[in-house]
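Have a look at the structure below, then the notes.
The values are calculated or read from the model by the stated rules, or taken from the named source; none is laboratory data. Because the structure is predicted, anything quoted here is derived from the model rather than measured. With ideal geometry, Cβ positions are generated from the backbone for all residues, glycine too; neighbour counts draw on all protein chains shown. Just so you know, the surface numbers come from the protein's heavy atoms only, side chains and all, with ligands and any DNA or RNA stripped out. Shrake-Rupley method; radii C 1.70, N 1.55, O 1.52, S 1.80 Å.
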Amino acid sequence: MTPSDFHVTRSSSVTKIAAVLGLLILIILIAAPYWAGRADMRLMGELFLYLALASLWNLMAGYAGLVSVGQQAYVGFGGYMLFALTMFGGVHPIGAIVIAGFFGALIAVPVALLIFRLRGAYFAIGTWVIAEVFRLSFAQVSVLGGGSGSSLPVGIVRSLSSSRAGREHLSYWLALASAVIVIAAVYFFLRSRNGLALTAIRDNELAAGSLGIDIWRTKFVVYIVTAALTSMIGALIFLQKLRISPDAAFSVNDWTAFVIFIVVIGGIGTIEGPIIGTLIFFALRETLADLGTIYLMVLGVVAIVIMLKAPKGIWGLIRTRFDVELFPLSYRVKHSQTAQKD
Amino acid sequence: MPDPILRISGLDAFYGDFQALYDVALEAGEGEVLAIIGANGAGKTTLMRSISGLTQNKAAMVRYRGENIGALRADEVAAKGIALVPEGRQLFPSLSVEENLIIGGQVGRKGPWSLNAVYKLFPILQERRHQQSTSLSGGQQQMVAIGRALMANPDLILFDEISLGLAPIIIKDIYAALPGIINEGMSALIVEQDITKALSVSSRFYCLQEGRVSLEGASATVAREDISRAYFGVA
Amino acid sequence: MEWVNAVVQGTLLGGLYALFAAGLSLIFGVMRLVNIAHGDLIVLAAYLGLSATTLLGLHPLAALLVVVPAMAIMGYVLQRAILNQTLGKDILPPLLVTFGLSVIIQNTLLEAYSADPQKMNAGALETASFSAGGLSLGVLPVMTFVIAVGVIAGLQWTFYRTALGRAFRATSDNQEIAQLMGLNRRHIFGLAMALALAVTAIAGIMLGIRTSFDPSIGGGRLIFGFEAVIIGGLGNLWGTLVGGVILGVAQTIGAKIDPGWQLLAGHLVFLIILAVRPNGLFPRIGE
């Protein structure tokens, strides 16, 4: 047995099977308008948007150590940008979504410069203050309906597609695309040099610093990119809702609490975690939603129990039990002969 | 030999994920002073942590006065009468000198040691008693750390590297004070890099090498070459 | 004179915010824990006070005698049963667990008391006022401020003059070595949370007498308390009082300019101070 018998690789047969299966599922999902009912498509659309939000929050908290409880700032900001750009700028809604992302990144720069002065948990509450400032500020803008909000004019809605079914299909595909784009972006980011730096920071901030990784800059980039993508998703969310108000746009429960539960339950710090978490979250919601507040209490209890007893979430349990990974991120050392077998 | 106050047997202990001690056995008699010597990384500090409860192990690995204490928490061990003077002194920076001493007596055991007794042993501390502990010199901080351990009126006191980082003259003073401390009937374990110092104040010694006891014997009669072999692991 | 009045009213309001902040500051000081559920615990205390007044027929201030011990016991149990398990180097577990607690408390209150705003009835105390230097001062706001000063002085005294405070400081400095002194840090942390929730109980009752409340307002109270702590400087109790006062004054002056600006003005002053003095106005040396 010589050293050349060993090689280091990221992929395994599991990741290859997962990739093929994933592609198949994606094709089936793209074709959903041809096989799914209207209500199912609406639900799936919502699921994809939550999956995208959860993957982004996971990138920040699970990889960059930036625990935010204020991402609703960007969801609401994106939503309001969509309304403002289409209503007063005459921009096509799809264009407005892209521009909302750009503005989201722009406003995130001064925000980051401020709240990066806060450490750890205080950073978290700082993000919440920012979200409150956004909410209170948009409530002051009377042309956007002030505190009571406004609806998207029919003409703008029609500009997407003249038929109702056409609009529904389009918003479904947009939601699916956003989830795929976000997960792909997170995946390729984590495989890049910056992503490796992030993992190094997560594992040991001090050591990463001494290796010449600019921790501040890496975190800053993650924060800005996340803000941009979250704003775009926010615009998409309110393009589906067709109505916006400060309380709905900047809701800490809807856009942060649920997202955190999804990530914690699924498994923080893994790409697979948010996917599993979103599926569990929606399964629970569809079965327990009639219970109203009790459902939220159950969700809170489940999240606490998972955090205490299995801090790596459901996916973490699966991974330690079976040593599998769907997205090839970790390096494994393989022996050429045994590599064939597993 | 009198009944042992401390009996360690089959001690395997970990420092984080790394196993630092392998099957260590050790006995200290009532009123006895033992020296623990060994190179850096030999496992001396892990041994001290295991006795004091900062590292918890299997209950029967550490017995104190016939009781299994290996699995107890440090505060429970402290209440039984074992005190540690930790490596690097580790005073509480937000407490004054006097508060550092008082908190040492928090366990509430009766005995000869009190604030006055500590001030009599180290008069300089009385002068500085209202200062922040961080404003003292290294030697004075070591006095506070020793005083803090004494305030608990322990029956067994552990000294971990008390001369580390101190000027020779200060080390001399502290070692001059040791007999006065240990004469009160206490047993003591002294971890020390300076082998001569350690042997001069102890009756017996244990030498650790890579987590195992490589030599034990009477401090007064041991041959230097035996120690070098046990210490460095070379013939 | 109107502006002087706004400043004075804001200062008194700051007393309430300092009460929100004191518990938060204490917990952070002893165990570096930031409790996201802090605001919901304040609201919980207000509801417990409400139940004490309606079920037992107590005056809200007399309800303190019931609610303060109840919250303290709850704090000790909460810390020993749940929060102690989350403490370590990683900041995620305490943050997410207290976030989960926040959602649980909020929805439990919704279930038990509905979403309708409620208020405690303190009778004549609510409207009583006296005039001083040409200003009309409400007895209740003045009383809240005096209580806040008293609470902070009491905490300061506990921290620096008692055995418990010594144990708090020692454990905060170095948990392992404190353990060697016979201090069980789990118990010490339990006591710290008990003390913090006792203060939270006072904050909740004073809030509930002053304004109407509903289960959803906890997040806002957490933010006010947090802003007061950061403005004053982490780990400085008197600084926290000053932070509360600055926040209160900013809000009343903001409200004077435009009612919609009340909260925004407070947040903006906080952000400005964060930009100019990131460590707060009175940081503790060495922190």
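Structure notes:
- Neighbours by Cβ (under 7 Å, 6+ apart or cross-chain): first from the range B:61-75, within 14 Å of chain C (Cβ to nearest Cβ); second open to solvent by less than 70 Å² (accessible area, probe 1.4 Å) and part of a loop (DSSP other than H, G, I, E, B): B:72/B:53; B:73/B:53; B:73/C:184; B:74/B:53; B:74/B:54; B:75/C:182; B:75/C:183; B:75/C:184
- Restricting the range A:110-142 to residues that are among the hydroxyl-bearing types (Ser, Thr, Tyr) and farther than 27 Å from residue C:27 by Cβ, the residue that is nearest to the chain's Cα centre (by Cα): A:137
- Scope the range A:67-89; condition free of Cβ contacts under 8 Å to residues at least 60 places away in the same chain and open to solvent by less than 10 Å² (accessible area, probe 1.4 Å); matching residues: A:67
- Test result for residue C:64, open to solvent by 30 Å² or more (accessible area, probe 1.4 Å), part of a helix (DSSP H, G or I) and farther than 30 Å from residue C:280 by Cα: yes
- Residue, farthest from the chain's Cα centre (by Cα), within the range A:247-261, restricted to residues that are more than 12 Å from chain C (Cβ to nearest Cβ) and surrounded by 22 or more Cβ atoms within 10 Å (Cβ to Cβ): A:249
- Identity of the residue in the range B:79-110, buried (at least 21 other Cβ atoms within 10 Å of the Cβ) and more than 19 Å from residue C:169 (Cα to Cα), that ends up nearest to the other protein chains (Cβ to nearest Cβ): B:84
- Only one of the listed residues (A:194, A:204) is out of contact with any Cys (no Cβ under 7 Å at 6 or more places or on another chain), within 22 Å of residue A:102 (Cα to Cα) and at pLDDT below 85. That residue is A:194.
- Selection of first residues in the range A:116-135 that are within 8 Å of chain C (Cβ to nearest Cβ) and of second residues that are open to solvent by 20 Å² or more (accessible area, probe 1.4 Å), restricted to Cβ pairs under 6 Å at least 6 apart or on distinct chains, gives the following pairs, ordered by first then second residue: A:117/C:278; A:120/C:91; A:121/C:91.
- Screening residue B:4 on (1) more than 29 Å from residue C:167 (Cα to Cα); (2) in contact (Cβ under 8 Å) with a residue 60 or more places away in the chain shows it passes everything except condition (2).
- Some residue of the range A:284-303 being within 13 Å of the chain's Cα centre (by Cα) and open to solvent by 50 Å² or more (accessible area, probe 1.4 Å): no
- Any hit, the range C:259-270, residues being within 13 Å of another protein chain (Cβ to nearest Cβ), at negative phi, outside any helix (DSSP H, G or I) and modelled with pLDDT under 90: no
- Considering residues of the range A:136-146 that are part of a helix (DSSP H, G or I) and open to solvent by 40 Å² or more (accessible area, probe 1.4 Å) only, the residue farthest from the other protein chains (Cβ to nearest Cβ): A:143
- Residue check, residue B:117 more than 13 Å from every other protein chain (Cβ to nearest Cβ) and assigned to a helix (DSSP H, G or I): yes
- The set of residues in the range C:120-148 that are exposed (fewer than 15 other Cβ atoms within 10 Å of the Cβ) and at pLDDT 95 or above contains only C:146.
- Residue C:232 meets the conditions (1) surrounded by fewer than 24 Cβ atoms within 10 Å (Cβ to Cβ); (2) within 14 Å of chain A (Cβ to nearest Cβ); (3) over 26 Å from residue C:74 (Cβ atoms) in every case but one. The failed one is (1).
- Test: residue in the range A:167-175 that is open to solvent by 50 Å² or more (accessible area, probe 1.4 Å) and out of contact with any Leu (no Cβ under 7 Å at 6 or more places or on another chain): yes
- Once the range A:147-157 is narrowed to residues that are of a type outside the set (A, V, I, L, M) and under 28 Å from the mean Cα position of the chain (by Cα), the residue that is most open to solvent (accessible area, probe 1.4 Å) is A:148.
- Number of positions in the range B:120-141 that are part of a helix (DSSP H, G or I) and over 16 Å from residue B:184 (Cβ atoms): 12
- Among the residues of the range B:164-180, those that are under 16 Å from the mean Cα position of the chain (by Cα) and more than 18 Å from residue B:87 (Cβ to Cβ) comprise B:177, B:179, B:180.
- Each residue in the range C:67-92 was checked for being crowded, with 20+ Cβ neighbours inside 10 Å and within 11 Å of chain A (Cβ to nearest Cβ), and 4 of them qualify.
- Of all residues in the range A:287-327 being among the basic types (Lys, Arg) and in contact with a Lys or Arg (Cβ under 9 Å, 6 or more places away or on another chain), the one that is nearest to residue C:88 (Cα to Cα): A:312
- Residue within the range B:149-156 that is in a strand (DSSP E or B) and surrounded by 19 or more Cβ atoms within 10 Å (Cβ to Cβ) present: yes
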